Amino acid sequence: MKVIVAVKRVIDYNVKVRVKSDNSGVETANVKMSMNPFDEIAVEEGVRMREAGVARELIAVSMGPQQSKETIRTALAMGSDRGIHVLHPDALEPLMVAKLMAAIICKEAPDIVILGKQAIDDDSSQTGQMLAALLGWAQGTFASKLYFEDEFVAVTREIDGGLETIKLKLPAIITTDLRLNTPRYASLPNIMKAKKKPIEETSPGDLGVDVTPRLITVKVVEPAKRQAGVKVENVEELVEKLRNEAKVIP
Amino acid sequence: MTILVYADHDNNDLKGANYNTITAASLLGEVHILVAGENCRHVAEQAAAVDGVTKVIIADNPQYAHPLAEMLTPLIQSISENYSHILAPSTTVGKNLLPRLAALLDVQQLSDISGIIDSDTFERPIYAGNAIATVKSTDAKKVITVRTTAFDAAAIGSVPADIQEISVTEPSILSTFIDTELTQLDRPELTAAKVIISGGRGMQSGENFIILEKVANILGAAVGASRAAVDSGFVSNDYQVGQTGKIVAPDLYIAVGISGAIQHLAGMKDSKVIVAINKDEDAPIFQVADYGLVADLFKAVPELEAELKK
């Protein structure tokens, strides 16, 4: 099988995000950037399929400014074979990312495409589902287990209240949830090897996709701060306060 | 303007999250509800009884027994031209379905809205709720998922709405349902609970969650967990509260052995009253807690159980 994974460069999980003083967005200058954590899970799943002999080729795709190549390099160091970079200086909305991915997929004809279930920057959780719609493919979102069989994949999904298993006809779109796997760290020799792996550069223009935004960001503000309350001395005082002051327990 | 709400249900009952979504929809215009399922008449009747709903559309057919996106999106699309806005709650069903619909309609969806400014402009949390973006959509039609904790639940109205049947769309052969494995709960579901007690890495093991369950049983509370507790394998992922788990806003949230990473706070900071029990007095959870208790949880939680029994 041929597998494509999508990777996004986002502000690192551990960075405390700050809103810009002019309320136009969040501060991204001099902030540590990393691969979106759910995309690391997507890459890891692809690499495992490659190692198990299920996949014969693994391609990592990213979209964004020049620095997105670093994110592709990380995917290559983890074990992807080659990269595709859609160079675009500005932020791309999920629908546009899905259209660009669809254009790449029409050329590359993979059997399965794995994406993170959401990016931790805009928290949209849309791209995988949109891509499936544009291609007319089945979708297995929030996946915690994959099982391949002939022309099908059984996907166990994380749903409210438990798990659901569905069977999808291949080719299909998968989006990853936390328990699918634990991503590896790239080893130093593999990081060195990744520098020699090819990254093809393309653009929305080359792919024939209009990426004009549909949403206008009016402003970005900090959420209302919650005031810290009081410290209580012991459990007795806590229960007394919950009963008589907050009145949240009988 | 007429607004369509896709109802998330299990063929027996309308999930609580729909009532909050209907409130959001009512702020935009007249509300119609789509109930697609198998033997789901009772759900349609529940939806028809909600205040502000003027019509319920029912598609009752075995092909809609499970909410498969490939099967349901063509159905929603078939009636979409009558509506200016199409909404669903931000449940796993809503999140799976609506982006697929949005792409079919060539619309850039708005995910997880927490506020409505006007019919084109909405507020939504980004970066795990560390920023609130106000965004204006230029698409003619809007496709929206609703953060249900941001809107009150709609009440039951005086006159039930009409229920109208619609014809089904061509079945999809792309996906088939195999099974569900639902966590057996004697307690309320996290997103519906008035009281939640959650454990973090400080719980040290899954077995230790029993002390939280004992307190939960007294309070009629749901049990939750931080991502750290899920990643450590203490409990399953459906317990997870936070950016990548469930978003909750109960009357009382008790965080036990949870340090308070921003990703966890993103899922619970809109709770009315927050209690934190942690032995580290510098834990960030105390900065959002109304009542903080610096104590060893293995001593404090059994004491809490005893005190509540009094």
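For residue B:256, the stated conditions hold: it is at pLDDT 95 or above and more than 10 Å from every other protein chain (Cβ to nearest Cβ). Of the numbered criteria (1) under 15 Å from the mean Cα position of the chain (by Cα); (2) part of a strand (DSSP E or B); (3) at the interface with chain B (Cβ under 7 Å from one of its Cβ atoms); (4) of a type in the set (A, V, I, L, M), the one residue A:120 fails is (2). Tallying residues that are under 20 Å from residue B:134 (Cβ atoms) and out of contact with any helix residue (DSSP H, G or I) (no Cβ under 9 Å at 6 or more places or on another chain) within the stretch A:86-131 yields 3. Among residues of the stretch B:136-150 that are within 7 Å of chain A (Cβ to nearest Cβ), those with a Cβ under 7 angstrom from a residue that is surrounded by fewer than 24 Cβ atoms within 10 Å (Cβ to Cβ) and of a type in the set (Asp, Glu), sequence gap 6+ or separate chain, pair up as B:136/B:120; B:137/B:120. All conditions in (1) of a type outside the set (D, E, K, R); (2) surrounded by 23 or more Cβ atoms within 10 Å (Cβ to Cβ); (3) facing chain A (nearest Cβ under 9 Å); (4) without any contact (Cβ under 8 Å) to a residue 24 or more places away in the chain hold for residue B:122, with the sole exception of (3). Residue B:178 - would you say it is more than 9 Å from chain A (Cβ to nearest Cβ), outside any loop (DSSP other than H, G, I, E, B) and in contact with a strand residue (DSSP E or B) (Cβ under 9 Å, 6 or more places away or on another chain)? Considered against the rule, which asks whether it is more than 9 Å from chain A (Cβ to nearest Cβ), outside any loop (DSSP other than H, G, I, E, B) and in contact with a strand residue (DSSP E or B) (Cβ under 9 Å, 6 or more places away or on another chain), residue B:178 comes out as no.
Taking residue A:224 as the residue in question, decide whether it is touching a strand residue (DSSP E or B) at 6+ places or on another chain (Cβ under 8 Å) and either in a loop (DSSP other than H, G, I, E, B) or facing chain B (nearest Cβ under 8 Å) (or both). So residue A:224 fails the test.
Here is a check on your reading of the model: is residue B:106 more than 19 Å from the chain's Cα centre (by Cα), of a type outside the set (Phe, Trp, Tyr), under 30 Å from residue B:125 (Cβ atoms) and facing chain A (nearest Cβ under 10 Å)? Considered against the rule, which asks whether it is more than 19 Å from the chain's Cα centre (by Cα), of a type outside the set (Phe, Trp, Tyr), under 30 Å from residue B:125 (Cβ atoms) and facing chain A (nearest Cβ under 10 Å), residue B:106 comes out as yes. The set of residues in the stretch B:294-310 being under 15 Å from residue B:198 (Cα atoms) and touching a helix residue (DSSP H, G or I) at 6+ places or on another chain (Cβ under 7 Å) consists of B:297, B:300, B:301, B:302, B:304, B:305.
Got a number for residues in the stretch B:135-173 being outside any strand (DSSP E or B), hydrophobic (A, V, I, L, M, F, W, C) and closer than 16 Å to residue B:76 by Cβ?
2
Each row is one residue, and each column tells you yes or no for (1) loosely packed, with under 15 Cβ neighbours inside 10 Å; (2) without any contact (Cβ under 8 Å) to a residue 12 or more places away in the chain; (3) within 13 Å of chain A (Cβ to nearest Cβ).
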| site | (1), (2), (3) |
| --- | --- |
| B:197 | no, no, yes |
| B:202 | no, no, no |
| B:210 | yes, yes, no |
| B:227 | no, no, yes |
| B:235 | no, no, yes |
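Of B:86, B:57, B:22, all but one fail to be assigned to a helix (DSSP H, G or I), among the β-branched types (Val, Ile, Thr) and more than 9 Å from every other protein chain (Cβ to nearest Cβ); the exception is B:22. Considering only residues that are at the interface with chain A (Cβ under 9 Å from one of its Cβ atoms) and buried (at least 24 other Cβ atoms within 10 Å of the Cβ), which ones fall in the stretch B:277-290? Residues satisfying the conditions are B:277, B:289. Hey, any hits in the stretch B:89-99 for a residue that's assigned to a strand (DSSP E or B), crowded, with 23+ Cβ neighbours inside 10 Å and either at the interface with chain A (Cβ under 7 Å from one of its Cβ atoms) or modelled with pLDDT of 95 or more (or both)? Looking through the stretch B:89-99, at least one residue is assigned to a strand (DSSP E or B), crowded, with 23+ Cβ neighbours inside 10 Å and either at the interface with chain A (Cβ under 7 Å from one of its Cβ atoms) or modelled with pLDDT of 95 or more (or both).
Residues in the stretch A:178-186: is at least one over 21 Å from the mean Cα position of the chain (by Cα), basic (Lys, Arg) and more than 12 Å from chain B (Cβ to nearest Cβ)? No: zero hits. Among the residues of the stretch A:139-157, are any within 7 Å of chain B (Cβ to nearest Cβ) and in a loop (DSSP other than H, G, I, E, B)? No, the stretch A:139-157 contains no residue that is within 7 Å of chain B (Cβ to nearest Cβ) and in a loop (DSSP other than H, G, I, E, B). Of everything in the stretch A:196-221 that is loosely packed, with under 14 Cβ neighbours inside 10 Å and farther than 30 Å from residue A:23 by Cβ, the residue that is farthest from the other protein chains (Cβ to nearest Cβ) is A:196. Any residue at all in the stretch A:6-13 that's outside any helix (DSSP H, G or I), more than 14 Å from chain B (Cβ to nearest Cβ), at pLDDT 95 or above and farther than 26 Å from residue A:223 by Cβ? Yes, the stretch A:6-13 contains at least one residue that is outside any helix (DSSP H, G or I), more than 14 Å from chain B (Cβ to nearest Cβ), at pLDDT 95 or above and farther than 26 Å from residue A:223 by Cβ. If the condition is being in contact with a helix residue (DSSP H, G or I) (Cβ under 8 Å, 6 or more places away or on another chain) and at positive phi, then the stretch B:126-179 contributes B:128, B:129. Within the option set A:91, A:102, A:133, being modelled with pLDDT under 95 and within 22 Å of residue B:138 (Cβ to Cβ) holds for one residue only, A:91. Those strands (runs of 3 or more DSSP E) of the stretch B:209-300 in which 1 or more residues are over 17 Å from the mean Cα position of the chain (by Cα), of a type outside the set (A, V, I, L, M) and farther than 28 Å from residue B:182 by Cβ occupy B:273-278, B:291-294.
The values are calculated or read from the model by the stated rules, or taken from the named source; none is laboratory data. For clarity, every value in this text was computed on a predicted model and none was experimentally measured. No Cβ is skipped: glycine too gets one built from the backbone with ideal geometry, and neighbour counts run over all protein chains shown.
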